[in-house]
1. For segment B:180-195, does any single residue satisfy the condition of being more than 14 Å from chain A (Cβ to nearest Cβ), open to solvent by 10 Å² or more (accessible area, probe 1.4 Å) and not in a strand (DSSP E or B)?
2. With the requirement that a residue be part of a helix (DSSP H, G or I) and surrounded by fewer than 24 Cβ atoms within 10 Å (Cβ to Cβ), what does segment B:36-68 give you?
3. Report, by residue number, each residue of segment B:339-350 that is under 26 Å from residue B:410 (Cβ atoms), part of a helix (DSSP H, G or I) and open to solvent by less than 20 Å² (accessible area, probe 1.4 Å).
4. Residue B:464 passes all but one of (1) farther than 21 Å from residue B:204 by Cα; (2) in contact (Cβ under 8 Å) with a residue 40 or more places away in the chain; (3) surrounded by fewer than 16 Cβ atoms within 10 Å (Cβ to Cβ); which number fails?
5. On the given criteria, is residue B:371 facing chain A (nearest Cβ under 8 Å), in contact (Cβ under 8 Å) with a residue 12 or more places away in the chain, aliphatic (A, V, I, L, M) and open to solvent by less than 20 Å² (accessible area, probe 1.4 Å)?
6. Only one of (1) open to solvent by 10 Å² or more (accessible area, probe 1.4 Å); (2) assigned to a helix (DSSP H, G or I); (3) more than 7 Å from chain A (Cβ to nearest Cβ); (4) closer than 30 Å to residue B:170 by Cβ is not met by residue B:362, so which one is it?
7. Tell me the residue from B:274, B:246 that is in a loop (DSSP other than H, G, I, E, B), of a type in the set (Val, Ile, Thr) and either under 25 Å from the mean Cα position of the chain (by Cα) or surrounded by 15 or more Cβ atoms within 10 Å (Cβ to Cβ) (or both), please.
8. Would you mind telling me which numbered condition in (1) buried (at least 16 other Cβ atoms within 10 Å of the Cβ); (2) in a loop (DSSP other than H, G, I, E, B) residue B:281 fails?
Amino acid sequence: MSLDLDHLKRLAMLELSADEEAEVRRRLSKILEYLGKLRSLDLSGVEPMYAAGEAEASYRPDVPESRDPDEVLRVVPRRKDRYVRGPKMA
Amino acid sequence: MRIPTLWEAVREAESDPRYSEELAHHLLERIRSMDPSLNSFIALNDAAPEQARSLAGVGPLHGVPVAVKDSISTRGLETTAGSRILRGYVPPYDATAVARLRSAGAVVLGKTNMDEFSMGSTGENSAFGPTRNPWDASRVPGGSSSGSAAAVAAGLAPAALGADTGGSVRCPASFTGTFGLRPSYGRVSRYGLIAYASSMDQIGPIARSTRDLAIILSIVAGRDPMDSTSSPAPLQDYMGALERDVSGWKVAVVKEMVGPGVDDHVQREFWRAVDTISGLGVDVEEVSLRWLDEALASYYVIASAEASSNLARYDGLRYGLSPQQSGDWRSYFAKVRGEGFGREVKIRIMLGTYVLSAGFYEELYLKALKVRRLVTDELSLALKRYSLLLSPTMPVLPPRLGERTADPLSMYMMDVETVPASLAGLPAISVPVGRAAGLPVGIQLVGRSMDEGSLLAMSARLEEALGGPAPIASPRCSSPPSKYQVILASLHLSTGDKRSPSPTGIP
């Protein structure tokens, strides 16, 4: 199976060091080789199963929760007042 | 002080209002002296004794302390899922399972070590260093709920919450000689559980007796408006199930799960347990399943796909790790994620990204979902004829540290017995049935959806026949750590990855 790591890194937004990249490539190739057993199966007519339980969607009432915003925002590492601080847009 | 089971602790606490406080105090001391060699806790709640005192009159648990896997959110106690990327994250809310335990009078003793984001079957893939098996410190305790199982086995907590995606409760329960229950998908709310593969994740208890599992399940199970996948199906009487007679039941051993590839020691202990079950008047037959081989491949495709999507949220902005910001959004996110995730997590994110990407979606992801359907249909059909399906929980004895992680496939293969129930959303339990070469062996029972009661009934009868609750681990002294282990241990010390327990009180 072809393995375009640069493409995958972009899609996954993941930086890898040169050492890591070699290791990830080695392991991933081995895993994909194993998963290849799925390709040869003829499963036409079988319905894919996305979730167990097949629970029907149910909604709860759309009521705001009384939670202190400052308490919630305490987990944000860099903020200004009630804003989350992020890096510059490109 | 004698280390009680959860049930014993609750009974003591009912009659002695000081008991839970003393127990919490004693366990914290015990953890401080014993845990440096096991590494089962990554955060301790120093306020546990005080909280236990204030809950003395609150039933049914009366202040008895329990441990909680670090992927389950605890208000006021750091929650990292074993990852560097969540370091410093203190949730402003409790997971529903934790909130229900607290309302029932439980105290959270601490957070337990785990494979990062539950990705691992050995307990070695943690940013806080590997957990060790209390029966033999040169071996792994199993994962991903490694710390929960090791802590219970070592008598550092009467019981613990774990979480199981592909076997993360059952595997460490089996490797540490404890009882572990994976409830049916939807039986326990996932609200506040840090997601790995949302279509399979379930919170479940680990303890030293079946009764303890039933106590915890009775408290945490049930519909939760905060998790739309939690089931409205009525709860069973789990405590009542413990008294049920199993004679006349029809169960089946899954032939392919005891065949080649399963360690001889494990097979021997497994068949001995099957004899014990027959001795209870149970009719044991054999059933053959066609899709087991493909089930493992299907599981790794689906779990990685869901993980790659779930872990997209870690951006270094809203919580956890947040290095100096430089460059644009894209390069910042890639850098944070590169620094914050461990190797196994990176591999599964890449794998998941691959199987969901154009060109591979149909031939891998969709195929995996179709295999999932076939596995589920096959299991459901077998469970129409039989109340339970039997197999070893793990195909091998607990491996030595480093033995399985060098080759990813050799670790994935260990999950071959546990993933079918996960794919199908069925409940499953691991019951400790004996030891081979001093190492624990567990038997797995898989039941019908929402029928945890039958699992508990059979587990209780088996436990009774085998002499009662599981013992606290007594380490084998015969095998000192190898040179490799010593080097490994020193590496973890020198990288400074192991934190000292953080003394965080719960507001």
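1. Let us first name the residues in segment B:180-195 that are more than 14 Å from chain A (Cβ to nearest Cβ), namely B:180-181, B:193.
Those left that are additionally open to solvent by 10 Å² or more (accessible area, probe 1.4 Å): B:193.
Those left that are additionally not in a strand (DSSP E or B): none.
No, segment B:180-195 contains no residue that is more than 14 Å from chain A (Cβ to nearest Cβ), open to solvent by 10 Å² or more (accessible area, probe 1.4 Å) and not in a strand (DSSP E or B).
2. Result: B:36, B:37, B:49, B:50, B:51, B:53, B:54.
3. Restricting attention to segment B:339-350, the residues satisfying the condition of being under 26 Å from residue B:410 (Cβ atoms) are B:341-350.
Among the residues that remain, those that are also part of a helix (DSSP H, G or I) are: B:343-350.
Answer for segment B:339-350, where residues must be under 26 Å from residue B:410 (Cβ atoms), part of a helix (DSSP H, G or I) and open to solvent by less than 20 Å² (accessible area, probe 1.4 Å): B:344, B:345, B:346, B:347, B:348, B:349, B:350.
4. Exception for residue B:464: condition (2).
5. Working: facing chain A (nearest Cβ under 8 Å): yes; in contact (Cβ under 8 Å) with a residue 12 or more places away in the chain: yes; aliphatic (A, V, I, L, M): yes; open to solvent by less than 20 Å² (accessible area, probe 1.4 Å): yes.
Against the criterion (facing chain A (nearest Cβ under 8 Å), in contact (Cβ under 8 Å) with a residue 12 or more places away in the chain, aliphatic (A, V, I, L, M) and open to solvent by less than 20 Å² (accessible area, probe 1.4 Å)), residue B:371 qualifies.
6. Of the numbered conditions (1) open to solvent by 10 Å² or more (accessible area, probe 1.4 Å); (2) assigned to a helix (DSSP H, G or I); (3) more than 7 Å from chain A (Cβ to nearest Cβ); (4) closer than 30 Å to residue B:170 by Cβ, the odd one out for residue B:362 is (4).
7. Working: B:274 fails: in a loop (DSSP other than H, G, I, E, B).
Result of the check over B:274, B:246: B:246.
8. (1)
The values are calculated or read from the model by the stated rules, or taken from the named source; none is laboratory data. This one's a predicted model, so the numbers in the text were calculated from it and none came from an experiment. Positions of Cβ are generated from backbone atoms using ideal geometry, with glycine treated the same way; all protein chains shown enter the neighbour counts. Keep in mind that these areas ignore ligands, DNA and RNA; they rest on the heavy atoms of the full protein, side chains included. Shrake-Rupley method; radii C 1.70, N 1.55, O 1.52, S 1.80 Å.
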